[in-house]
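Here the structure is laid out as structure tokens; the discussion comes afterwards.
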Amino acid sequence: MPESLEVTRAAEGTAGDAEGGAEGLAPFLGRWTVSRRIHDRRGGQEGAFHGTAQFTPWGAGLRYHEDGTLTLGQGMPLRATRDYLWRVEQGRIVVDHGDGRPFHAFDPGNPVAEHLCGADTYAVDYDFSRWPQWRTVWVVSGPAKDYRMITDYAPAPVEPALAPSEPARPPMIASLPPAILRGPHPRNPVWQSAPNWSKGRLSRP
């Protein structure tokens, strides 16, 4: 367990309720820098995205909003945005599209998932082993698509001019599922599988 993280087990409860779900995702609150590399094998081109992502409270969980610049091959840079809804449900983190359509869900102790879009398969692997830096790797394959997308996240520096509009971010105290704190997954050595949630201290700028 990293020295910046102190964990105490919470009382038994329902992980999917509104309060528990939002609290369980609290460490993600705030702004993150986003750097993405896209390897499009079908199109024979490389792509990149640079921007920010922000998690803000939403219902029983968090809303994820991403905004930045996307460049594909030799094309002109374009503004790109996307939205997702994160929540906790029965010990899993559920990620839906911004309009509520189902996307995928993963077990924090083994953070991998698959999603079918027509005949194409989207497979994702989350890596939180260097928290608060974290990464997602998407491999998309099928008759219509064939690409690999690697996204790196890091806490964004707080800009003084924007500080008043920033959502409240507990700088030290946060809640994480025990599975996100330490456990068996080889890329997440500081996680632990457990049936309930835990409250702890997370050091983050």
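The values are calculated or read from the model by the stated rules, or taken from the named source; none is laboratory data. Nothing here was measured: the structure is a model prediction, and the numbers come from that model. Cβ coordinates were reconstructed from backbone atoms using ideal geometry, including for glycine residues, and neighbour counts include every protein chain displayed.
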Say we look at the stretch 127-155 and pick out the residues that are hydroxyl-bearing (Ser, Thr, Tyr) and within 18 Å of Ile38 (Cβ to Cβ); which of these is surrounded by the most Cβ atoms within 10 Å (Cβ to Cβ)? Tyr153
Looking at the stretch 29-40, I want the residues that are of a type in the set (Lys, Arg) and have a partner that is outside any strand (DSSP E or B) with Cβ atoms under 6 Å, at least 6 apart or on another chain. Which pairs are those? Arg31/Ala156
Go through the stretch 115-140 residue by residue and tally those that are in contact (Cβ under 8 Å) with a residue 40 or more places away in the chain and among the polar types (S, T, N, Q). 1
Tell me yes or no: at least one residue of the stretch 23-37 is exposed (fewer than 14 other Cβ atoms within 10 Å of the Cβ) and either in a loop (DSSP other than H, G, I, E, B) or modelled with pLDDT under 80 (or both). no
Quick one: Val158 ticks every box in (1) surrounded by fewer than 17 Cβ atoms within 10 Å (Cβ to Cβ); (2) closer than 23 Å to Thr69 by Cα; (3) at pLDDT 95 or above except a single one, so which number is it? (3)
Pull up the stretch 84-99, narrow it to residues that are exposed (fewer than 14 other Cβ atoms within 10 Å of the Cβ) and modelled with pLDDT of 95 or more, then point me to the one that is nearest to His39 (Cα to Cα). His97
